[in-house]
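Only one structure is covered here, and it is reproduced in the block below.
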Amino acid sequence: MTRIPLFLLPALVVATPALAHLEPGEHGSFAAGMTHPLFGADHVLAMVCVGLWAALMPGRALVALPAGFVGAMVLGFGAALGGLGLPMVEPVILSSVLVLGVLVALAVRLPLAGAVALVAGFGFFHGHAHGLEIGVANALPYLSGFVAATVVLHMAGLACGVALERLNRPGLLRSGGGAVAALGAWLLATG
């Protein structure tokens with residue numbers, strides 16, 4: 001029987017379709033941007049998994065993976081605002097959950113440049129989705145909000161991963177990745 005690690009339960013509770021996004025006119029553009037990644041299971045799981053994977057590859061990866069994701073996400077947001085169309089944005093985002101979960105579950109250690117390139121590719125698509133869904137929000141506050149939320153999610157994953165590594169609980173960390181991969185497969189199948 002596979003158990004879902006306790007650190008994933010809050011993400012599963014708050015990530016419901018009914019709470020997808022706040023309306024910028026009502027709550028402000030920063031709040032709308034901040035909630036965008038927090039209330040979508042695909043975003044929460046992928047972003048937490050970036051932190052978990054970074055924890056499995058200590059050293060420069062601890063900063064490089066989250067920074068690569070966030071930097072590319074900002075570029076993807078700008079590309080969407082600039083009118084660049086991308087094919088299959090949602091399927092790539094859903095695939096990011098599955099792929100990142102598998103990487104954590106299998107404790108895959110890629111060369112740093114390859115790992116950063118992979119998370120940056122996913123980050124670009126996540127940012128593009130944010131740009132497509134900006135609605136009436138002001139770009140800079142909205143961008144600031146979803147960057148802040150993304151950093152918080154990366155740091156939550158990183159903190160959990162580092163704590164589990166220090167507690168010598170690699171099996172629990174890897175099972176967390178397995179749970180994320182299973183949820184990613186479910187999201188792909190139902191999305």
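Values quoted throughout were computed directly from the atomic coordinates according to the rules given, and no laboratory measurement underlies them. This is a predicted model, so every value here is computed, not measured. In this analysis, Cβ positions are derived from the backbone assuming ideal geometry, glycine residues included, and neighbour counts consider all displayed protein chains.
The table for this structure:
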quantity	calculated
Listed peptides 103-109, 168-174, 84-90 by packing density, highest first (mean Cβ within 10 Å)	103-109, 168-174, 84-90
For segment 132-138, 3J(HN,Hα) per residue [Karplus equation, 6.51 cos²θ - 1.76 cosθ + 1.60, θ = phi - 60°, Hz, x = Gly/Pro]	5, 9, 5, x, 8, 5, 6
Tensor-based shape of segment 47-190 (alpha-carbon gyration tensor, a/c under 1.5 rounded, otherwise prolate or oblate)	prolate
Most fluctuating residue given options GLY157, GLY176, GLY121, as computed from a GNM of the chain linking Cα atoms under 10 Å	GLY121
